[in-house]
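Each value in this text was obtained by applying a stated rule to the coordinates, not by laboratory testing. Since the structure is predicted, the reported quantities are computational estimates derived from the model, not experimental observations. Note that we place each Cβ from the backbone using ideal geometry, even for glycine, and neighbour counts take in every protein chain shown.
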Amino acid sequence: MPEPSTPRYAIYYTPAREHPLTGAASAWLGHDPFGRTDVTGAARSEADALLTSEPRRYGFHATLKAPFRLREGASVDELEWALSSFASSRPPCPIGSLKIDLLGGFFALAPATPIPALRGFAAQIVEEFDRFRAPMNSPELQRRLQRPLDEVETSHLVQWGYPYVLDRFSFHMTLTDRVPEEGRARTRARLEKVFQPHLSEDFRIDTLSLFVQEDGGGNFVVRSQFALKGEALLQTAI
């Protein structure tokens, strides 16, 4: 009988559970990380399922600390306590309004104007919570190296477990897999229809969400959320 998979955790930003953008994104991706079952609408087409297969697994989010297994001796309770302490000592970080952007062939929501504070804020989280991360095993490292990385990204991968951190960080909330060039105009038009009504708000990172993937084939879901400079534990989803 195979051994159970080790859970993976990630520190993400996602808008509030009740925010219209959260509902729109959950319906688009076909997965609600808050665990509701009534937001994905009618059965999605096979083409839509393929279009969103990768981001659906992770749930609607912006990565602050990429998925990791807990190091030996660390517990999720300790991780949540550290997240609570971190969040309660820092003010929200501005994001601003959002736009639909094409990044390396996939569509995502990104800040409409550059926000330098985002990179510094994300770097703090990468560095502060790396003490909870187990080193990558060989299969994890080899899987990451299948995608082309430059020297700096490879160094980040080895040191931090993820290549797109620190100077290579780019705040974004993924909406699709990579889209062939001939399908991009059509996909953008669909995304604009779904998301444009929700993007003009002055967004900010006002919560940190701890996501968990209980097994290797499962979706990530919100385990707990922590408000910045406010009530520490907002809710527990599982």
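Summary table
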item	result
Farthest toward positive dipole pole in the chain [+1 Lys/Arg, -1 Asp/Glu at C-beta], among T52, P163, V126	T52
Whole-number percent relative contact order across the chain, with pairs defined as alpha carbons under 8 Å at least 6 apart	33
Helical mean residue ellipticity (222 nm; -39500 (n - 2.57) per DSSP H run of 4+; nearest 500) of the chain	-9500 deg cm²/dmol
Segment 39-124 - convex hull of the alpha-carbon atoms, volume per residue in Å³	179
Potential lengthening between S75 and D130 on full extension [0.36 nm per residue; Cα-Cα distance subtracted]	18.5 nm
Per residue convex hull volume, Cα atoms of the chain, in Å³	145
Span from the segment 184-219 Cα centroid across to the segment 104-133 one, whole angstrom	15
Gain on full stretching of the segment that runs from A189 to S89 - 0.36 nm per residue minus C-alpha separation	31.9 nm
Rounded to the nearest 20 debye, dipole of the chain from Cβ charges on Lys, Arg, Asp, Glu	320
Backbone N under 17 Å from the A112 label point (7 Å along Cα→Cβ), restricted to segment 182-205	192-205
Estimated distance in nm for a label pair at Q159 and A27, the labels positioned 7 Å out from Cα along Cα-to-Cβ	4.4
Within segment 120-192: Cβ-based charge dipole about Cα centre, in debye rounded to nearest 20 (Lys, Arg +1; Asp, Glu -1)	340
Under 5 Å, built H, 5+ apart or other chain: amide partners of I205	C93, I95
Distant-in-sequence amide H partners of D177 (H built 1.01 Å from N, under 5 Å)	T52, S53, E54
